[in-house]
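Right, one structure below, let's go through it.
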């Protein structure tokens, strides 16, 4: 199956010497697997933690005098020790959004304002990859087994559709990289990838079908699950011409001749605008800024803790173009976070700005900007909740249900 990818923000997959010298398929597959595990757990299907020596597949048990290996649905598709993936991918290389030879020197340093204590370093953005031309990047999915070909194609189609609607692919998504649109060729036209409602139920059943030797374990509640995610798309209006130069922290790059050239290359070659560091700074130090022990622990839980190498649970994108609108994504995983509903309410309230505290004006450096939550998705203890176009519900029938399948279907409509 061939897909065509339009990069809404540059894609980062890592590479030699810490530079994204090409699009490495391993970086794409790694993020696909991570999201596949999230979807499975959201459907109450067990998916192992492949980073844990104690939990990852294959799980070896003894039956009588024989040892037997068992594995989860994620490892069945993406492989494990002793068993290959059921597919391989090829992806076109694209080009860098600016020239980078050294991971430490050839970067764009964005340093948003912060006090108590003042910021010393900020964010260092490398040269992600974008398409060579308007045709986009080509992504080829090649199932390796004729027997499982259709099931493999359908599982990956659903997965790519979900990621493209709400999140990102590759690495450094917390730095704004990896937002994309995906198309498939139907007859002679490239059409945006969609999941037909008539095929959805069959796809879900294939996702849930156990492998040959399944690990019949409960999915647990400590690993990322779709049921504990929120997704938001915010549209910005009233941005002045050249507003990217006034983004909080951009002046650090613009004051350096070499960085200014890289900054200019990014914004000349691509429609996206560097924004993720400024927005994340607002979320970290305005929306969730607290001084009590509980608030400080929540801060570390949501935005990472370098002392214990804990990654952020809240991701934001750069600003990208969506049909003539300027849009930004905010999404995150609040699995294993006690104040889940409070986090949802705080984000929902602050992303849609009250008159007194406008994080969007502070982040963009533009006094005329207005922001609107265009879409919001989460599933709480009662039912899924959707907001779109300033609050109008979009899928009321689906979202009166707490069904994980209904929530996934709702996301695929986005």
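Before moving on, here are some points about what is shown:
- A residue that is part of a loop (DSSP other than H, G, I, E, B), on the phi > 0 side of the Ramachandran plot and buried (at least 18 other Cβ atoms within 10 Å of the Cβ) occurs nowhere in the range 127-135.
- Odd one out for residue 27 among (1) part of a helix (DSSP H, G or I); (2) surrounded by fewer than 18 Cβ atoms within 10 Å (Cβ to Cβ): (2)
- Subset of the range 213-243 (residues that are surrounded by fewer than 21 Cβ atoms within 10 Å (Cβ to Cβ) and over 30 Å from residue 37 (Cβ atoms)): 235, 237, 238, 239, 240, 241, 242, 243
- Residue among 171, 151 that alone is in contact with a helix residue (DSSP H, G or I) (Cβ under 7 Å, 6 or more places away or on another chain) and within 22 Å of residue 201 (Cα to Cα): 151
Each row is one residue, and each column tells you yes or no for (1) in contact (Cβ under 8 Å) with a residue 24 or more places away in the chain; (2) exposed (fewer than 14 other Cβ atoms within 10 Å of the Cβ).
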{"position": "59", "(1), (2)": "yes, no"}
{"position": "67", "(1), (2)": "no, yes"}
{"position": "72", "(1), (2)": "yes, no"}
{"position": "76", "(1), (2)": "yes, no"}
{"position": "86", "(1), (2)": "yes, no"}
{"position": "90", "(1), (2)": "yes, yes"}
{"position": "97", "(1), (2)": "yes, no"}
{"position": "100", "(1), (2)": "yes, no"}
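- So residue 147, is it within 18 Å of residue 76 (Cα to Cα) and touching a residue at least 40 places away in the same chain (Cβ under 8 Å): no
- For the range 41-57, the criterion of being modelled with pLDDT under 90, assigned to a loop (DSSP other than H, G, I, E, B) and either within 30 Å of residue 362 (Cα to Cα) or touching a helix residue (DSSP H, G or I) at 6+ places or on another chain (Cβ under 9 Å) (or both) is satisfied by no residue at all.
- If you filter the range 150-199 down to residues that are more than 24 Å from residue 85 (Cβ to Cβ) and free of Cβ contacts under 8 Å to residues at least 24 places away in the same chain, you find that the one that is surrounded by the most Cβ atoms within 10 Å (Cβ to Cβ) is 192.
- Of the listed requirements (1) at pLDDT 90 or above; (2) more than 21 Å from the chain's Cα centre (by Cα), residue 163 misses just one: (2).
- The range 301-324 - residue that is at pLDDT below 70 and within 30 Å of residue 181 (Cβ to Cβ) and, of those, surrounded by the fewest Cβ atoms within 10 Å (Cβ to Cβ): 311
- Counting only residues that are surrounded by fewer than 20 Cβ atoms within 10 Å (Cβ to Cβ) and either at pLDDT 95 or above or under 18 Å from the mean Cα position of the chain (by Cα) (or both), the range 7-21 holds 1 of them.
- Taking the range 173-202 as the range and being on the phi > 0 side of the Ramachandran plot and in contact with a strand residue (DSSP E or B) (Cβ under 9 Å, 6 or more places away or on another chain) as the test, the residues that pass are 176, 178.
The values are calculated or read from the model by the stated rules, or taken from the named source; none is laboratory data. Predicted, not measured: the structure shown is a model, and the values here were computed from it. For neighbour counting, all protein chains shown are included, and Cβ atoms are generated from backbone atoms with ideal geometry for every residue, glycine included.
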